[in-house]
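The values are calculated or read from the model by the stated rules, or taken from the named source; none is laboratory data. What you see is a predicted model; the values in this text were computed from it and never measured. Cβ placement follows ideal geometry from the backbone for every residue including glycine, while neighbour counts extend to all protein chains displayed. Just so you know, the surface numbers come from the protein's heavy atoms only, side chains and all, with ligands and any DNA or RNA stripped out. Shrake-Rupley method; radii C 1.70, N 1.55, O 1.52, S 1.80 Å.
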Amino acid sequence: MNLFEKDYAVQVCDIGSNNQLSNYGLMRILQEAASVHSDVLGMSVNNKHITHMCWIIINWRVKILKRLPWNKIVHVKTWPSITDKLYSQRDFE
């Protein structure tokens, strides 16, 4: 398993009217983690002119256990779990 871990602060743009992490904010953080991990693996949009490949998130399945307030730290773990010729599955915790 090729695990990537990083801490992200919940920013003002990530919270909803209840001052807690919104769905949009969570997706933004997870997409950022996936993008950084893809770059580390050499498969990001920055390398597509070389590899002719990059990761694109096209579907989400999310279970939210707790919503954090503004300025709290979210520890994100992500890894590619299933890979075939054209598609991969990326998991998050």
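Here is a yes/no grid of residues against (1) part of a loop (DSSP other than H, G, I, E, B); (2) open to solvent by 90 Å² or more (accessible area, probe 1.4 Å):
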{"position": "13", "(1), (2)": "no, no"}
{"position": "27", "(1), (2)": "no, no"}
{"position": "37", "(1), (2)": "no, no"}
{"position": "45", "(1), (2)": "yes, yes"}
{"position": "49", "(1), (2)": "no, yes"}
{"position": "76", "(1), (2)": "no, no"}
{"position": "90", "(1), (2)": "no, no"}
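The selection criterion, being loosely packed, with under 11 Cβ neighbours inside 10 Å and not aromatic (Phe, Trp, Tyr), holds for residue 62. Exactly one condition in (1) open to solvent by 70 Å² or more (accessible area, probe 1.4 Å); (2) within 21 Å of residue 3 (Cβ to Cβ); (3) in a loop (DSSP other than H, G, I, E, B) is not met by residue 86; state its number. Of (1) open to solvent by 70 Å² or more (accessible area, probe 1.4 Å); (2) within 21 Å of residue 3 (Cβ to Cβ); (3) in a loop (DSSP other than H, G, I, E, B), only one is false for residue 86: (2). Within region 1-43, if we keep just the residues that are in contact with a Ser or Thr (Cβ under 8 Å, 6 or more places away or on another chain) and without any contact (Cβ under 8 Å) to a residue 12 or more places away in the chain, the residue that is nearest to residue 89 (Cα to Cα) turns out to be 42.
Out of 37, 52, report the one residue that is more than 19 Å from residue 2 (Cα to Cα) and not aromatic (Phe, Trp, Tyr).
Answer to the check: 52.
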